[in-house]
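Have a look at the structure below before the remarks.
The values are calculated or read from the model by the stated rules, or taken from the named source; none is laboratory data. Since we're looking at a predicted model, the values are computed, not measured. Cβ placement follows ideal geometry from the backbone for every residue including glycine, while neighbour counts extend to all protein chains displayed.
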Amino acid sequence: MNHVDATAPQERLVGAIMIVDDIPANLRMLMEILKSQQHVVRPVSHGHLALVSAQTQPPDLILLDIMMPEISGYEICRQLKNDARTRDIPIIFISAKDDIQDKAYAFQIGGVDYITKPFQADEVLLRVHTHLKLSRLQRSLQKQNSILQQEIRQRQEAEEAVRQMNARLEQRVRERTAELEAANDDLRNVISTVSHDLKTPLRGIGQLAQWLKDDYSHLFDARAQEMLSWLVQRVKRMNSLLDGIAEYISIVRQPEKVKPIDLNALIPQIFENLMPPETIVCCILTPLPVISGKKEHLSALFGNLIDNAILFMGRPQGQVTIACRDHGGFWQFEVADNGAGIPAEYHDKIFHLFQTLHTHDNDKQIGLGLAIVKKIITLYGGTIWVESELNQGSKFFFTLPKSS
């Protein structure tokens, strides 16, 4: 039989095709048409045999006659569509029944197309090619969907595993944080108790030493009087040290709630409380902001910086100035003096606990003031640094976030 190559303009698709027809002439004709395009053809002339063959070795496509003895093409189609092994095989009905109702019923029970007899070879080949292509595209899409669903499940499982891991980590962090807070509370309580318990006998020693110095110093020689003065000074220094430790510990334990603090009102109070000598002038160079914080924190912060500048002025005429600049998300403060200055090698060390630039003979020099300052600034999310040279004064800069 001669016919046009209907698939020539397209990519040729070769498939395994079952032909079901009880008329041998129809089988031979369809076989010749399909084999011309290298399709693998499986002719079947009996309906029950077609069911067994399709279920045993499903073809890529079925050309199915309707009017056959014992079992109709409609029934074969219904049984194939009800079987998971064969329900996805495209079925093209090929029949002499040309009534619209027959065609509609064929599509209703699962047919994908309908060819009426007598058929044309080109029409058969085009429809076979179309439905082979659609079937393969559908299988490819189903495979991709299956892969995608598997990837989604794997991702969901991974996300759930990460979520559970994060939950466990968060729980461990909470537990560890609670343990550390409890340990810190215990440590602070121990230090606070020891500090309190030490101050009681220390107070007695100080009072006794001062009594001896006031009432009996005339009975002592110069060496004994020097030793007695040394003892009084050491007791005062120890008291200052214990007070400083208590202040350092209290930074994170202040019960007062955060509230707006107007530094324009707070700083003059600090100047007044420190009572600097008349030879030292303290002044504010720029308007100061309102800071959200705790009054005890801000008083300790500025108080220690100003007191430090006064204490180590080292000049007959001194000046301490405070200024502030707006840097967008934070305030930058400057506490400056024209004092003795700080050597460069101490610029970082001075913010550590118990670090001083001078001897420990002065009971006010305990090395806690700047450590307290840094702890408060760090607690508020800021930073602090110093710019200073010997005999050129010092400038302490620090930042405080506006949202602290």
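For LEU274, only one of the following conditions fails: (1) surrounded by 14 or more Cβ atoms within 10 Å (Cβ to Cβ); (2) modelled with pLDDT of 85 or more; (3) over 28 Å from LEU231 (Cα atoms). What is its number?
(3) is the only condition that LEU274 fails.
With GLU345, GLU296 as the choices, which residue is over 21 Å from GLY381 (Cβ atoms) and either in the same structural domain as ILE372 (by TED's automatic domain parsing) or modelled with pLDDT under 90 (or both)?
Matching residue, one of GLU345, GLU296: GLU345.
So, in region 277-289, how many residues would count as being surrounded by 13 or more Cβ atoms within 10 Å (Cβ to Cβ), under 48 Å from the mean Cα position of the chain (by Cα) and not polar (S, T, N, Q)?
Result for region 277-289: 4.
Is it the case, given these coordinates, that GLN120 is polar (S, T, N, Q), more than 16 Å from LEU34 (Cβ to Cβ) and exposed (fewer than 15 other Cβ atoms within 10 Å of the Cβ)?
no
Can you work out which of the residues in region 366-385 that are β-branched (Val, Ile, Thr), touching a residue at least 40 places away in the same chain (Cβ under 8 Å) and not in a loop (DSSP other than H, G, I, E, B) is farthest from ARG234 (Cα to Cα)?
Ranking the qualifying residues of region 366-385, first place goes to ILE377.
So if I check each of ASP113, ASP98, ASP102, ASP88, which one is assigned by TED's automatic domain parsing to the domain that holds VAL52, out of contact with any Lys or Arg (no Cβ under 8 Å at 6 or more places or on another chain), surrounded by 13 or more Cβ atoms within 10 Å (Cβ to Cβ) and not polar (S, T, N, Q)?
Answer to the check: ASP102.
Select from region 299-344 the residues that are among the charged types (D, E, K, R) and without any contact (Cβ under 8 Å) to a residue 60 or more places away in the chain and list them in ascending order.
ARG315, ARG325, ASP326, ASP337 - these are the residues of region 299-344 that are among the charged types (D, E, K, R) and without any contact (Cβ under 8 Å) to a residue 60 or more places away in the chain.
Yes or no, residue by residue, for (1) farther than 30 Å from MET67 by Cβ; (2) in the same structural domain as MET29 (by TED's automatic domain parsing); (3) out of contact with any Asp or Glu (no Cβ under 9 Å at 6 or more places or on another chain):
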site	(1), (2), (3)
LEU126	no, no, yes
THR130	no, no, no
ARG139	yes, no, no
ASN166	yes, no, yes
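If I go through region 330-344 residue by residue, how many of them are more than 13 Å from LEU285 (Cα to Cα) and in a strand (DSSP E or B)?
3
Is it true that ASN338 is in the same structural domain as TYR380 (by TED's automatic domain parsing), modelled with pLDDT of 90 or more and over 46 Å from the mean Cα position of the chain (by Cα)?
yes
Hey, among LEU126, LEU132, LEU141, which residue is touching a Leu at 6+ places or on another chain (Cβ under 9 Å) and closer than 30 Å to ILE33 by Cα?
Of the residues listed, the single one that is touching a Leu at 6+ places or on another chain (Cβ under 9 Å) and closer than 30 Å to ILE33 by Cα is LEU132.
If you take the residues in region 290-315 that are of a type outside the set (Gly, Ala, Ser) and part of a loop (DSSP other than H, G, I, E, B), which one is farthest from the chain's Cα centre (by Cα)?
Within region 290-315, the match that is farthest from the chain's Cα centre (by Cα) is ARG315.
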